[in-house]
Amino acid sequence: MKRLSELYNINDDRLIKSIKINSKEVEDGDLFVCTMGVTADRHDFIDEAISNGASAIVVSRDVGKKSVPVIRVENTNLELRKISAKFYDYPCDNAYMIGVTGTNGKTTVAEIVYRLLGDTCAYIGTNGRKFKNKHFSMRNTTPDVDRLYMYFKEFIDAGCNTICMEASSEAFYRHRLDDIKYDVGIVTNITEDHLNIHKTIENYVDCKCQLVKHVKDDGYSILNSSDKYFDKFKKEANGNIVSYGYKDSDTLKIEDYTLKRDKTIINFRYNNKIYEVISPLLGSFNVDNLAASILCLLCKGIGFEKIVERIKKLKQIEGRMERMPFVSKYTVILDYAHTTDALDNILTFLDMIKETRIITVTGSAGGREKSKRPGMGKVVLEKSDYVIFTMDDPRFEDPNKIIDDLVSGSDKTNYERIVDRKKAIYKALDIAEAKDIVLIAGKGRDDYMAIDDKYLPYCDYDVIKSYYEQ
């Protein structure tokens, strides 16, 4: 807590407990900042915030006299970042900041880094926030600024000196991360995604570039030399530029690897020395993810031999090529893949290791770019033996029309549609036979289903478990 007079040049010593931008979440003692959202002007909710207990209001226009102090600033969105950092004692200045961005793989890379660094590291991203054996779910990959700095402070107070965070393109687009400087910025790869927000791939890439632009002068920008936009990122990156990939010029070169059903054996070259790594993470895409993670630890000054030992103890990443351990007759895999590229990668690997059939349950989110759906459907239909198309956060769209889009890119008929996602998963598990692989793709460990403007409790993992507990 801080006194209002500590935050602003105002003769008022009332205590401020926290900062909020959602009037419905305001409690006694909060400072309400009237930011300008995409569809909402929070100046319109001042009276509700005061009614809920706000102790003071920050505005950018005249709102008349109120029953609590009103502080006027030029830009409330910019002010939110400044006042949040000040209120929470500039937490980023007290932590080694690692940011991870990219279309596919950023959650896996951030999770790997978090796990390999151990108890002094905190994680924040799609899988929630994690620190000191605590795990809390979140709705957004990168939360709004008022929550983000509160979480950073929470990590610091718990004794974490490193924060590994997923930095989404939308967060850069919304300017949530403009004031953060990173010790390490990692780029995984770029394929088309979120064009409903960014409109063009160029805009999308520009937002992703913000991460490496915000790397400290003595920090490290870790780039994927195999990515189509490598040269663009290299041109924009700050700090020491290092790379991973399959080229002799890479800082960390992937010499070769062997994919197996239960592990991956990889030979890396670093400083002209070969290191063999045995990874429990499956698939060629996880070779790249692991390379990015290893290079991050190397940049942090951790020796390769120590990293190799830590990798041996890695466990599955929740919702990322996650094999259900309670199923033995056949294999059930839960994965977050929701782009054409991600689905192609995982199905290519599963096709390589399959003994009988691949049965896939998937859909496509509503309110997102419709243009990618035919390509997604085509990959799934061509690389699966059977597909059940279902809903995946339809929002305000008709799930059946979304499925129409998915099947429009192929003339294959090896599918059925079951809109209810729980029923679709149950059907896949019903028809699976010995040695089949059932892939349930799209939502990973998300704990909600977005229907219309509501977020209803739902989780693929819980549905799978419930099937076997009947």
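Tell me which residues, restricted to the stretch 180-189, are open to solvent by 10 Å² or more (accessible area, probe 1.4 Å) and either modelled with pLDDT under 90 or touching a Ser or Thr at 6+ places or on another chain (Cβ under 9 Å) (or both).
Listed by number, the residues that qualify are Asp183, Asn189.
Taking (1) more than 16 Å from Phe172 (Cβ to Cβ); (2) modelled with pLDDT under 95; (3) surrounded by fewer than 16 Cβ atoms within 10 Å (Cβ to Cβ) in turn, Asp218 satisfies each apart from (2).
Cβ-Cβ distances below 8 Å connect the following pairs, each with a first residue in the stretch 190-215 that is within 16 Å of Arg368 (Cβ to Cβ) and open to solvent by 50 Å² or more (accessible area, probe 1.4 Å), a second residue that is modelled with pLDDT of 85 or more and among the basic types (Lys, Arg), and a separation of six or more residues or different chains: Glu192/Lys372.
Quick check, is Arg320 within 21 Å of Asp288 (Cβ to Cβ) and open to solvent by 20 Å² or more (accessible area, probe 1.4 Å)? The answer is yes for Arg320. Within the stretch 51-69, restricting attention to residues that are surrounded by fewer than 19 Cβ atoms within 10 Å (Cβ to Cβ) and among the aliphatic types (A, V, I, L, M), which residue is modelled with the highest pLDDT? Once the filter is applied, the top-ranked residue is Val68.
In summary, Asn11 fulfils each of the numbered conditions (1) assigned to a loop (DSSP other than H, G, I, E, B); (2) surrounded by 13 or more Cβ atoms within 10 Å (Cβ to Cβ) with the single exception of condition (2).
Rundown of residues vs (1) open to solvent by less than 50 Å² (accessible area, probe 1.4 Å); (2) closer than 25 Å to Ser221 by Cβ; (3) of a type in the set (Lys, Arg); (4) in a helix (DSSP H, G or I), yes/no style:
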position	(1), (2), (3), (4)
Asp119	no, no, no, yes
Ile124	yes, yes, no, no
Met138	yes, no, no, no
Thr141	yes, yes, no, no
Leu148	yes, yes, no, yes
Phe152	yes, yes, no, yes
Phe155	yes, yes, no, yes
Gly159	yes, no, no, no
Phe172	yes, yes, no, yes
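On the stretch given as the stretch 382-399, residues that are open to solvent by less than 60 Å² (accessible area, probe 1.4 Å) and assigned to a helix (DSSP H, G or I) total 1. Taken over the stretch 326-337, the criterion of being in a loop (DSSP other than H, G, I, E, B) and either closer than 27 Å to Ile274 by Cβ or open to solvent by less than 80 Å² (accessible area, probe 1.4 Å) (or both) is satisfied by Phe326, Val327, Tyr330, Tyr336, Ala337. Every condition in (1) more than 24 Å from Asp420 (Cβ to Cβ); (2) out of contact with any Phe, Trp or Tyr (no Cβ under 7 Å at 6 or more places or on another chain); (3) of a type outside the set (Phe, Trp, Tyr) holds for Arg368 except the one numbered (1).
For the stretch 216-238, residues that are in contact with a Phe, Trp or Tyr (Cβ under 8 Å, 6 or more places away or on another chain), part of a loop (DSSP other than H, G, I, E, B) and hydroxyl-bearing (Ser, Thr, Tyr) total 2. Only one entry in Asn77, Asn127 is touching an Asp or Glu at 6+ places or on another chain (Cβ under 7 Å), in contact (Cβ under 8 Å) with a residue 40 or more places away in the chain and polar (S, T, N, Q), namely Asn127.
On the given criteria, is Glu27 more than 30 Å from Cys160 (Cα to Cα), free of Cβ contacts under 8 Å to residues at least 60 places away in the same chain, open to solvent by 60 Å² or more (accessible area, probe 1.4 Å) and not hydroxyl-bearing (Ser, Thr, Tyr)? So Glu27 fails the test.
The condition of being surrounded by 18 or more Cβ atoms within 10 Å (Cβ to Cβ), farther than 27 Å from Lys454 by Cα and in contact (Cβ under 8 Å) with a residue 60 or more places away in the chain holds for Leu350. When Val379 is tested against (1) touching a strand residue (DSSP E or B) at 6+ places or on another chain (Cβ under 9 Å); (2) under 21 Å from Arg320 (Cα atoms); (3) open to solvent by less than 30 Å² (accessible area, probe 1.4 Å), exactly one condition is not met: (1).
The values are calculated or read from the model by the stated rules, or taken from the named source; none is laboratory data. The model shown is predicted, which means the values in this text are computed figures rather than measured ones. We place every Cβ from the backbone using ideal geometry, glycine too, and count neighbours over all the protein chains shown. Accessible surface is based on the protein model in full, side chains and every heavy atom, while ligands, DNA and RNA are left aside. Shrake-Rupley method; radii C 1.70, N 1.55, O 1.52, S 1.80 Å.
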